[in-house]
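Each remark here refers to the structure printed beneath this line.
The values are calculated or read from the model by the stated rules, or taken from the named source; none is laboratory data. As the structure is a computational prediction, the values presented were derived from the model and not from experiment. With ideal geometry, Cβ positions are generated from the backbone for all residues, glycine too; neighbour counts draw on all protein chains shown.
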Amino acid sequence: MSEAIEDRKSLIVYVYSTKQVRQLKKYGLIYYVSQKMHYVVMYVNADNYEWVKEKISSLRIVKKVEETPYEQIANELAVSNDFDEVDDDEDY
């Protein structure tokens, strides 16, 4: 019964009103809804990421769709080896 964990990517979807956010449930997992700032953070499968992004941006309730820069930031931090040179904790 071991199921493989699917790769996911996150999207930030800006909406005109948060009342119709339920329409986005069929495209992926809704992680967070901001009532004040009118945006939704959601996770979609990486296999059909581009298709879902196009479909969501064509909805009438959506202002714009942004990709989250999490993967890019994580890769940049993994590449840089600046952490080895920091000696902050040795003085304590």
Here is a check on your reading of the model: is K26 closer than 23 Å to D7 by Cα and not polar (S, T, N, Q)? yes
Given (1) exposed (fewer than 14 other Cβ atoms within 10 Å of the Cβ); (2) at pLDDT below 95; (3) not hydrophobic (A, V, I, L, M, F, W, C), where does E54 come up short, assuming only one miss? (2)
Which of the residues belonging to the stretch 29-51 are surrounded by 11 or more Cβ atoms within 10 Å (Cβ to Cβ) and under 14 Å from K63 (Cβ atoms)? S34, H38, Y39, V40
So in the stretch 8-28, with the set limited to residues that are assigned to a loop (DSSP other than H, G, I, E, B) and touching a residue at least 40 places away in the same chain (Cβ under 8 Å), which one is farthest from S57 (Cα to Cα)? S17
Working only within the stretch 29-48, note down all residues that are part of a strand (DSSP E or B) and under 11 Å from K9 (Cα atoms). L29, V41, M42, Y43, V44, N45
Can you tell me which residue is farthest from E67 (Cα to Cα) among those in the stretch 1-28 that are loosely packed, with under 12 Cβ neighbours inside 10 Å, modelled with pLDDT under 90 and touching a strand residue (DSSP E or B) at 6+ places or on another chain (Cβ under 9 Å)? E6
